[in-house]
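J.: Have a look at the structure that comes next, please.
Please treat every number below as a calculation from the coordinates, not as lab data. Just so it is clear, the model here is predicted, and its values are computed rather than measured. Heads up, the Cβs are rebuilt from the backbone with ideal geometry, glycines too, and the neighbour counts pull from every protein chain shown.
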């Protein structure tokens, strides 16, 4: 390697390193602050590393904030939407991709239109409707309106169309039912697409702020982002508690990301397509 | 006889497929009708009525909501601020993402680690990480404010200053979006055939020459995609504004979606908020049309 090449390599690593430090900094600070005693957090001048390491904030958060409730709501909301939507998305996608019926193209155009509508426009009428139904501040209100997703249908349809047509013909000649064909043959072949869509739905809902903010009005129903954001509005001074809460709230997705990077990157790329 | 049976069974199979399709589509189509299409229509209806959650009368308003909207200086302020936000966030996050994607496209050891780090903000809830950022920028306890003060850069009153709150919100958005754009751009870069670079090299093109004559033209589609998704996402910014500043101080960080939220869900004037939502819808729709036009244009040239 020539000297010029070596300098170039060093410059590349320097740039990569600076970017990594800038991007990781808030995460590192968050974890380290959560590990400080509250008295040390408010000491001036602030420092990055704790002088006394303590798990107090991680212990106290469960009693200072209804944190277990937020966490449970996040799990119910995010997994509820994800599982329901995966089921209905894949059923609809199967019909569009592999069944012949009248009105197929017309209905599919509707899906494409739904894909282009920004959520902010539906938010107000949805709230009024769910309010009339008595669904505000319930799991049903949080989950059911998201039980299907135009993007999920669109994406899975594209994938199902790519599977060889002989599969269905062979199965139909064998006399297997459509349901069996769907559940036993098509779905197992679509595992990678389903996994990416799973990540997409889970992340979108676990991280969402606005929808839960609108549809819930009691603290007991709030998922983590809305719960912590509103808690912060009322108790700005509890830095240790909130950084510990933020750490725990971010941990599941960060850990999942580190173990299944491929599906995350694919699932996140979908987010871009959707917006 | 044989053909008749096969035709019969074919017909039967088609009937069966039709029945199955009804069953398979029913949940999704019902949900979309109830929770997407009906609300869209209702939203348009609302925008032409005085509709407050506090008032059981829903009088027809004609264009009243739209005309008060156009006359509201705060609405225009928020439109301007959304535009400023977009004008800074979109180019900055795309340029930095392109730089990182180019670096990550080299054959370097340890890249997997760097890529994982760059992606962390993307998987994190914006609302939650915005809590951390607002602490970092807090003049009393914030390490970032302290560092900035040490090098004499600012008074440290980031989020409490009408001048600096918006730049702070923009900074955090760039930080959050770079990873996403980088992943998409990197995928685009990896799709460029190495032979094109070889050919350019033989023609005597240097590093910047190759970037200009090979990378940029080949990356055109990906860049356009990232550009459009970034612009539509910027038009809809809400989370970090809500968490970090609640639109303040003195409305200096309010955006269009924040305005809609505030009018609809805090002041409960839902007819008026719907008219603002339709203006946003029109803007996003216009971008989508431009996008379709551009992609078609690209295919023909």
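J.: For segment B:79-300, take N as its residue count and report Rg(C-alpha) divided by 2.2 N^0.38 Å.
T.: 1.19
J.: While we're looking at this one, here's another question. Which whole number gives the average, over all residues in A:215-225, of C-beta atoms from other chains lying within 10 Å of the residue C-beta?
T.: Whole-number average of other-chain Cβ neighbours for A:215-225 is 1.
J.: Still on this structure: Which whole number gives the average count of other chain Cβ atoms within 10 Å of the Cβ atoms across peptide A:86-96?
T.: The shielding value for this peptide is 5.
J.: List the extent of the Cα atoms of segment B:153-283 along each of their three principal axes, largest first, rounded to whole Å.
T.: Cα spread of segment B:153-283 along its principal axes, largest to smallest: 66, 40, 17 Å.
J.: Report D for segment A:29-126 in µm² per second (integer): Stokes-Einstein, Kirkwood Rh on Cα pairs, 37 °C, 0.692 mPa s.
T.: D, rounded to a whole number, is 175 µm²/s.
J.: When only C-alpha pairs under 8 Å and at least 6 residues apart count, what is the relative contact order of chain B, in percent?
T.: 27
J.: Need the C-alpha centroid separation for segment A:15-60 versus segment B:149-195, integer Å.
T.: Here the answer is 21 Å between Cα centres.
J.: In addition: Give me D for segment B:15-83 in µm² s⁻¹, whole number, from Stokes-Einstein with Rh from the Kirkwood sum over alpha-carbon pairs, 4 °C and 1.567 mPa s.
T.: Translational diffusion coefficient: 83 µm²/s.
J.: Quick check: convex hull over the Cα atoms of the protein assembly as shown, volume per residue in Å³, rounded to an integer?
T.: Taking the convex hull of the Cα positions in the protein assembly as shown, it is 202 Å³ per residue.
J.: Here's something else I'd like to know. Quick one: divide the alpha-carbon radius of gyration of segment A:208-266 by 2.2 N^0.38 Å and tell me what you get.
T.: The reported ratio for this selection is 1.33.
J.: Would you tell me the mean number of C-beta atoms belonging to other protein chains that fall within 10 Å of each C-beta in A:44-51, as a whole number?
T.: Mean partner shielding for this stretch: 3.
J.: Could you state the orientation-averaged shadow area of the convex hull built on the Cα atoms of segment B:44-188, in nm² to one decimal?
T.: Result: a mean projected hull area of 13.6 nm².
J.: So how far, in whole Å, is the C-alpha centre of segment B:64-130 from the one of segment B:30-50?
T.: A separation of 30 Å, based on Cα centres.
J.: Please state the shape class of segment B:218-291: rounded when a/c is under 1.5, otherwise prolate if a/b exceeds b/c and oblate if not, all from the C-alpha gyration tensor.
T.: Since a/c reaches 1.5 but b/c is at least a/b, the shape of segment B:218-291 is classed as oblate.
J.: Could you list A:146, B:210, B:16 in order of exposure, starting from the residue whose Cβ has the fewest other Cβ atoms within 10 Å?
T.: Placing the least packed residue first, the sequence is B:16, B:210, A:146.
J.: While we're on this one: Most exposed first by the Cβ proxy, i.e. fewest other Cβ within 10 Å, how do A:153, A:113, B:131 rank?
T.: The most exposed by this proxy come first: A:113, B:131, A:153.
J.: Defining a contact as two alpha carbons under 8 Å apart and six or more residues distant in sequence, what relative contact order in percent does chain A show?
T.: 32
J.: Treat the count of other C-beta atoms within 10 Å as a stand-in for reagent exposure and order A:35, B:267 from fewest to most.
T.: By the 10 Å Cβ count, ascending: B:267, A:35.
J.: How many times 2.2 N^0.38 Å is the alpha carbon radius of gyration of chain A?
T.: 1.28
J.: With n ≥ 4 as the cut-off for DSSP H runs, can you work out [θ] at 222 nm for the protein assembly as shown, using -39500 (n - 2.57) per run divided by the number of residues, rounded to the nearest 500?
T.: Calculated from helices alone, the mean residue ellipticity at 222 nm is -23000 deg cm²/dmol.
J.: Based on the alpha-carbon set only, what is the convex hull volume of segment A:116-237 divided per residue, in Å³?
T.: Once divided by residue count, the hull of segment A:116-237 is 146 Å³.
J.: Could you order peptides B:144-153, B:160-169 by the average number of other Cβ atoms within 10 Å of their residues, highest first?
T.: Output ranking for B:144-153, B:160-169: B:160-169, B:144-153.
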